[in-house]
Amino acid sequence: MGSKRRSFSNSSSIAGQNIDKKLREAIDNDNNTISDNPLLQDIKDDPSKIEAMTIQQLRTALRTAGIPPKGLKRELVSALQSYLAKEIDGESSLLADKQDPSSNSDKRIYMMMETKSVEDQVQDANSFSKVSKVQQSRRTVKQLQIKGKTVDVNAKMVATEQKKSACASGRMTSLTKKKASSDVDSKYVSAKNRDTLPVNLSEPWTILAHKKPQKGWIAYNPRTMRRSLPTENTKFVKILSWNVNGLRALLKLEGFSAMELAKQENFDVLCLQETKLQEKDVESIKQSLIEGYENSFWACSNTRLGYSGTAIISRIKPLSVRYGLGISDHDSEGRVVTAEFDSFYLLSVYVPNSGDGLRRLELEKSKAVILTGDFNCAHEEIDIYNPAGNRRSAGFTIEERQSFSTNFLSSGFVDTFRKQNPDVVGYTYWGYRHGARKGNKGWRLDYFLVSDAIADDVHDSFILPDVIGSDHCPIGLVLKL
């Protein structure tokens with residue numbers, strides 16, 4: 001890339017940037033059908049109890065759920081499991097995942113484990129059903145007697161059922177193969193007023209996943225929507241931001257390479273959130289930084305060890321660096337690092353999903369501001385897979401969304417991704433539970449917000465959904481200088 005990227009030009013003066021953010025306390029999640037019934041809630045809390053239930057208990061549970069209790073025990077178990085899976089599917093896992101900082105390694109392993117496809121599960125269910133019919137036919141035939149002699153049609157009926165099962169299985173296998181082939185190999189799907197987009201099951205983010213999609217919405221595809229870098233003679237800076245959900249665990253994760261990410265993206269500055277480092281860890285981390293990124297600045301939590309934490313890593317030396325907001329209660333958790341460059345201030349921030357968020361930070365009036373990080377707020381319905389089911393969930397409450405609008409978007413800041421992609425569904429966070437990432441059932445919680453004065457200088461604002469290692473993925477900004 002022959003573009004000039006190191007030197008920053010001065011930007012024109014703008015009005016003072018006052019950053020004022022206060023996120024309200026998280027309130028309870030929406031009640032649903034399961035939580036209204038103690039029996040179903042108990043089964044939901046421990047699904048392993050289903051296998052141990054008696055037929056009578058299974059039938060009672062199914063009746064409670066409004067499902068006809070028909071069939072043998074295996075079919076009753078399958079029906080109840082399917083019901084629970086359907087009820088849980090799409091519900092918020094944000095609050096539980098965010099508030100439990102423990103066992104991140106186990107969660108990452110769980111996320112990366114291969115699970116059966118939907119088609120495989122359908123085949124398994126059909127197989128159970130067909131076997132049950134064959135067994136029932138055998139029992140029925142044994143009881144048939146004509147003139148005192150057992151009718152020897154058992155083999156014929158069993159063979160007939162097995163033949164039907166094989167045919168059905170063959171049709172399902174054929175259909176599955178055709179569907180998989182169609183999804184993986186089909187080149188494009190049409191989208192009004194947008195470029196055609198490839199659809200690939202190995203890239204779930206390219207599939208539009210939303211409980212209530214609106215007309216014109218399409219899925220985010222970085223392969224076709226990311227813009228080429230500016231021309232050779234244009235000065236620009238490229239910034240990445242990532243909630244790593246534990247930096248030490250990420251660096252130990254098999255299959256992740258910081259070197260590969262740096263090589264692939266060739267960023268100038270990297271902002272991190274939820275590093276979960278302690279002060280004693282910082283020096284060793286600095287020693288392992290990639291060559292060329294010698295400038296690094298770390299804010300750690302002093303009151304809650306192994307919690308929160310932000311950082312800015314840069315190959316461009318900033319003019320100055322600040323830590324925190326000047327508010328003792330807030331600064332003790334290491335939620336903000338501010339770096340001053342020639343033409344702007346860059347803030348790496350981590351806003352919790354409950355309690356105080358950003359309060360007030362006074363910056364110089366002569367420079368623009370770039371705010372980036374995990375704001376723990378899905379601002380609009382397009383920013384969350386299941387808006388109706390999460391209206392009372394932390395991260396999507398009316399209070400938080402209004403606060404985001406009032407204190408940022410109505411106060412001189414621009415959501416760069418949404419400005420560039422007004423009708424695109426792109427997520428940056430997926431809970432570890434229920435295969436959310438595999439089904440692209442996520443939230444957009446991570447942002448690049450910039451002063452209105454430099455909004456038109458944003459060349460590209462993008463998401464990197466293919467980068468794994470955390471429950472969040474990195475986001476990026478290319479700013480012309």
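Built from the Cα atoms of the range 204-480, the convex hull projects on average onto 14.5 nm², one quarter of its surface area. Entry comment: accessible area of the range 34-85 is 55 Å² per residue, from protein heavy atoms only and a probe of 1.4 Å. Subtracting the Cα-Cα distance of ASN233 and SER296 from 0.36 nm times their residue separation leaves 19.9 nm of extension gain. Relative to the current alpha-carbon distance between GLN214 and THR60, full extension at 0.36 nm per residue lengthens the span by 51.5 nm.
3J(HN,Hα) along the range 337-348, derived from phi through the Karplus expression 6.51 cos²θ - 1.76 cosθ + 1.60 where θ = phi - 60°, amounts to 10, 10, 10, 9, 10, 4, 10, 6, 9, 10, 10, 9 Hz, with x in place of Gly and Pro. Couplings 3J(HN,Hα) for the range 455-460, derived from phi with the Karplus relation 6.51 cos²θ - 1.76 cosθ + 1.60 (θ = phi - 60°), are 4, 6, 8, 6, 7, 7 Hz, where x marks Gly and Pro. Of the accessible area of the range 332-481, computed with a 1.4 Å probe over protein heavy atoms only, carbon and sulfur atoms account for 45 percent. Projecting the Cα atoms of GLN81, GLY71, ILE55 onto the charge dipole of the range 34-85, computed from C-beta unit charges around the Cα centre, puts GLY71 farthest toward the positive end.
Mean projected area of the convex hull spanned by the Cα atoms of the range 34-85, taken over all viewing directions: 3.0 nm². If only the Cβ of Lys and Arg carry +1 and only the Cβ of Asp and Glu carry -1, the dipole of the range 204-480 around its Cα centre is close to 760 debye.
For the residue pairs LYS70/LYS211; LYS212/LYS438; LYS215/LYS419; LYS215/LYS480; LYS252/LYS280, alpha carbon separations beyond 21 Å are given by LYS70/LYS211; LYS215/LYS480.
Computed over protein heavy atoms with a 1.4 Å probe, the accessible surface of the range 361-457 works out to 31 Å² per residue. This model, with +1 at the C-beta of Lys and Arg and -1 at the C-beta of Asp and Glu, gives the range 369-408 a dipole about its Cα centre of some 120 debye.
Here the ratio of the Cα radius of gyration of the range 371-429 to 2.2 N^0.38 Å is 1.09.
Sequentially through the range 202-219, phi angles give Karplus couplings (6.51, -1.76, 1.60; θ = phi - 60°) of 6, 10, x, 5, 7, 9, 5, 10, 6, 5, 9, x, 9, 4, x, 6, 9, 7 Hz, Gly and Pro residues having no value and appearing as x.
Specify which residue in the list VAL467, ALA453, SER411 is farthest towards the positive end of the charge dipole of the range 401-475, using unit charges on the beta carbon of Lys, Arg (+1) and Asp, Glu (-1), about the Cα centre. The one lying farthest along the dipole's positive direction is VAL467.
The ellipsoid equivalent to the alpha-carbon distribution of the range 377-481 has semi-axes of 24, 18, 10 angstrom, derived from the gyration tensor eigenvalues as √(5λ) and listed largest first.
The fraction of accessible area contributed by carbon and sulfur in the range 34-85 is 55 percent, rounded to a whole number (1.4 Å probe; ligands and nucleic acids excluded). Summarising the label geometry, the points placed 7 Å from Cα in the beta-carbon direction at ASP452 and GLN287 lie 5.0 nm from one another.
The values are calculated or read from the model by the stated rules, or taken from the named source; none is laboratory data. Quick caveat, the model's predicted, so the values are computed rather than measured. All Cβ positions, even for glycine, are placed from backbone atoms using ideal geometry, and neighbour counts span all protein chains on display. Surface areas here come from the heavy atoms of the whole protein model, side chains and all, with no ligands, DNA or RNA. Shrake-Rupley method; radii C 1.70, N 1.55, O 1.52, S 1.80 Å.
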